[in-house]
Ligand code: SF4
């Protein structure tokens, strides 16, 4: 029996249990009728301890961002629970909800579109401070200057506008803004993918330093597996709304078990140019979550699918301590010899 994808209860800041987000597909203009259900997130469970990074990886449309939107309380789950500091978010009082909104912040992919071009940097950073805290003008100014220093900028940058900065500097401003409410959890949605390669490491290192200094927890959403490997304490691989494998980054990248994870890793750049890696090319597109395949939803693309795969949904198995996979190759099904 696997408990919520192997994470322990102790020290978890946030825990998702059986989270589902299903969208009805409606037809008709006046008399609307439900003609289908899109299962964007379909039973996701994981936990993020204090001061750690949990990463979600997978192709576009697999449910990573929908999961994060529910953590940010932008959307309500259809089913399942999210526990924050041990309390179900459904049971939050108004003041708990307010506290939650200040303690959970997000940094998005494109700092250009997430910063208001008409606002000066001091106003951008101080906006959440003013919303969530009762501070004097002097206190706000002091905190803005401190935040700029913390993210590697300077107090004189406070009077400038976003267009006066490079992409990396804009992302530093977005991070300063997110830090302004002293969050415990930050959702990092592709935080470096819009930046030049030369700048990415600087921003990732900044995020790591901030995590250590403030014991921040991160939910990282990223396509780049090198970023995920560098930043994470645990990694969940998503496919069609479900987590199909979860492990520590070292274990996942050296010993991937699920055929989909193997294909994802084989398609990424090797850690060193001298390393040889045989690329597994998946056939076909990701199926529509409106009409997912039966059994294991990966079976139409799986290079090693066998007898139970099209009909039986594989259950979660903990193959080695902390390494979880959902695949019939590990459920005791009789695997044909190749
Ligand atoms: Fe492939 Fe079957 Fe495993 Fe699904 S359950 S990943 S189809 S082997």
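No value in this document is a laboratory result; all are computed from the given coordinates. The structure displayed is predicted, hence computed values, not measured ones. Every residue, glycine among them, receives a Cβ derived from its backbone with ideal geometry; neighbour counts consider all protein chains shown.
How high is the relative contact order of region 162-295, in percent, counting Cα pairs under 8 Å that sit 6 or more residues apart? Walk me through the intermediate numbers first.
Working: 114 pairs, mean separation 21.6, N = 134.
Relative contact order, region 162-295: 16 percent.
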>> Using the basic label-point model (7 angstrom from Cα toward the beta carbon), what is the residue 136 to residue 334 distance in nanometres?
In response: 8.1 nm
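What do you get for Rg/Rh over region 172-329 if you use C-alpha atoms and the Kirkwood form of Rh? Mind showing how you got there, number by number?
Working: Rg = 17.8 Å, Rh = 17.6 Å.
A ratio of 1.01.
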> Across all directions of projection, what mean area in square nanometres is found for the Cα convex hull of region 152-214?
Replying inline: 4.6 nm²
> Can you sort 150, 104, 41 by how many other beta carbons sit within 10 Å, fewest first?
Replying inline: 150, 104, 41
> Using 0.36 nm per residue, how much length does the chain from residue 97 to residue 163 gain when fully extended, once their Cα-Cα distance is taken away?
Replying inline: 20.4 nm
> Per-residue ellipticity at 222 nm for the chain, helices alone: DSSP H runs ≥ 4 residues times -39500 (n - 2.57), over residue total, nearest 500 deg cm²/dmol?
Replying inline: -9000 deg cm²/dmol
> How fast does region 51-135 diffuse by Stokes-Einstein, in µm²/s, taking the Kirkwood radius from C-alpha pairs at 4 °C and 1.567 mPa s?
Replying inline: 84 µm²/s
>> So if I take the alpha carbon set of the chain, get Rg, then get Rh from the Kirkwood formula, what is the Rg over Rh ratio?
In response: 1.00
>> As an exercise, use a Förster radius of 30 Å and the Cβ-Cβ distance of residue 311 and residue 27 to find the FRET efficiency, rounded to the nearest 0.05.
In response: 0.50
> Relative contact order for region 49-208: what is it in percent, counting Cα pairs under 8 Å that are at least 6 residues apart?
Replying inline: 28 percent
>> Using only the alpha-carbon atoms of region 133-172 as identical scatterers, what base-10 log of I(q)/I(0) does the Debye formula give at q = 0.22, 0.23, 0.30, 0.33 Å⁻¹?
In response: -0.72, -0.76, -1.03, -1.12
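Which of rounded, prolate or oblate describes region 1-101 when judged by the alpha-carbon gyration tensor and an a/c cut-off of 1.5?
Numbers: a/c = 2.33, a/b = 1.58, b/c = 1.47.
Prolate shape, in that a/c is at least 1.5 and a/b is the bigger ratio.
Percent relative contact order of the chain, based on C-alpha pairs within less than 8 angstrom and at least six residues apart?
RCO, the chain: 20 percent.
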>> Using only the Cα atoms of region 79-180, what are the Rg and Dmax in Å?
In response: 15.5, 48
>> Could you give the length gained by full extension between residue 223 and residue 291, i.e. 0.36 nm per residue of separation minus their alpha carbon distance, to one decimal place?
In response: 22.0 nm
